[in-house]
Amino acid sequence: MIGNDIVDLALARKESNWKRNRFLDKIFTVKEQLLISASENPEIMVWNLWSRKEAAYKIYNRETGIRGFFPLRLECFYENVTFGTVSIKEKIYFTLSKIESDFIYTIAVAKEEHFKKIKSIDSAAEIFKRNGIPFIIDSNTKIEKPISISHHGRFWEGIILND
Ligand SMILES: CC(C)(COP(=O)(O)OP(=O)(O)OC[C@H]1O[C@@H](n2cnc3c(N)ncnc32)[C@H](O)[C@@H]1OP(=O)(O)O)[C@@H](O)C(=O)NCCC(=O)NCCS
């Protein structure tokens, strides 16, 4: 299982005032808020952790069928700026994040060895959705393959797990 999430930093700046305490308290655990306040660049830490939670949620929702907005239950373990895990209940997902000047992009996987099997998909690919969850149909085998897509502002990213 895979999940991804992209944050357009220019749009995030426009859409959300992350400095409000209510925002931070709603989205981040005490430990995560400490990471944010201790960070050299708190804004980047906010969106880095946010994109990790969203990418992990996309896997969690697929695995369990549980839907909703519960950011405090998705807890980030921040190993470093690019790597970490997100846990929720007994589940743990691995995350790889890319930080650029314009965007932050995170890929989450259920098994760490799956990072090397991830391929990007073309935005022109034919994408189907069931209950809002996207998949493609393999042109050779006609088998449905789960994908994850994310779009925000100027950016679009789609990924698939290769066999
Ligand atoms: C559903 C959700 C994950 C979408 O994320 P988003 O950042 O708003 O939007 P993205 O562009 O990254 O992802 C949207 C795509 O994800 C896919 N998607 C939607 N729901 C999904 C789900 N439950 N699982 C996997 N993929 C999903 C869809 O293909 C959608 O594409 P579409 O808009 O073209 O239909 C998000 O709105 C949400 O409900 N999150 C709840 C989890 C949470 O508590 N987050 C707190 C913030 S840290």
Residue in segment 53-66 that is in contact with a helix residue (DSSP H, G or I) (Cβ under 6 Å, 6 or more places away or on another chain), modelled with pLDDT of 95 or more, within 14 Å of the ligand (Cβ to nearest atom) and among the aromatic types (Phe, Trp, Tyr) present: no
Exclusive hit being part of a strand (DSSP E or B) and in contact with a helix residue (DSSP H, G or I) (Cβ under 7 Å, 6 or more places away or on another chain), set 97, 150: 97
Residue 27 being within 10 Å of the ligand (Cβ to nearest atom), buried (at least 18 other Cβ atoms within 10 Å of the Cβ) and not acidic (Asp, Glu): yes
Listing of helices (runs of 4 or more DSSP H) fully contained in segment 6-86 that carry 2 or more residues being among the basic types (Lys, Arg) and over 15 Å from the mean Cα position of the chain (by Cα): 9-15, 21-27
Cβ-Cβ under 9 Å pairs, at least 6 apart or on other chains, segment 1-19 side under 30 Å from residue 111 (Cβ atoms), far side more than 9 Å from the ligand (Cβ to nearest atom) and modelled with pLDDT under 95: 12/18
Test: residue in segment 120-130 that is among the aromatic types (Phe, Trp, Tyr), surrounded by fewer than 18 Cβ atoms within 10 Å (Cβ to Cβ) and touching a Phe, Trp or Tyr at 6+ places or on another chain (Cβ under 7 Å): yes
Subset of segment 127-147 [in a strand (DSSP E or B) and of a type in the set (A, V, I, L, M, F, W, C)]: 128, 133, 135, 136, 137, 147
Residue in segment 87-108 that is more than 13 Å from the ligand (Cβ to nearest atom), free of Cβ contacts under 8 Å to residues at least 40 places away in the same chain, in contact with an Asp or Glu (Cβ under 6 Å, 6 or more places away or on another chain) and closer than 16 Å to residue 2 by Cα present: yes
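The values are calculated or read from the model by the stated rules, or taken from the named source; none is laboratory data. Given the structure is predicted, the values throughout are model-derived calculations rather than measurements. Heads up, the Cβs are rebuilt from the backbone with ideal geometry, glycines too, and the neighbour counts pull from every protein chain shown.
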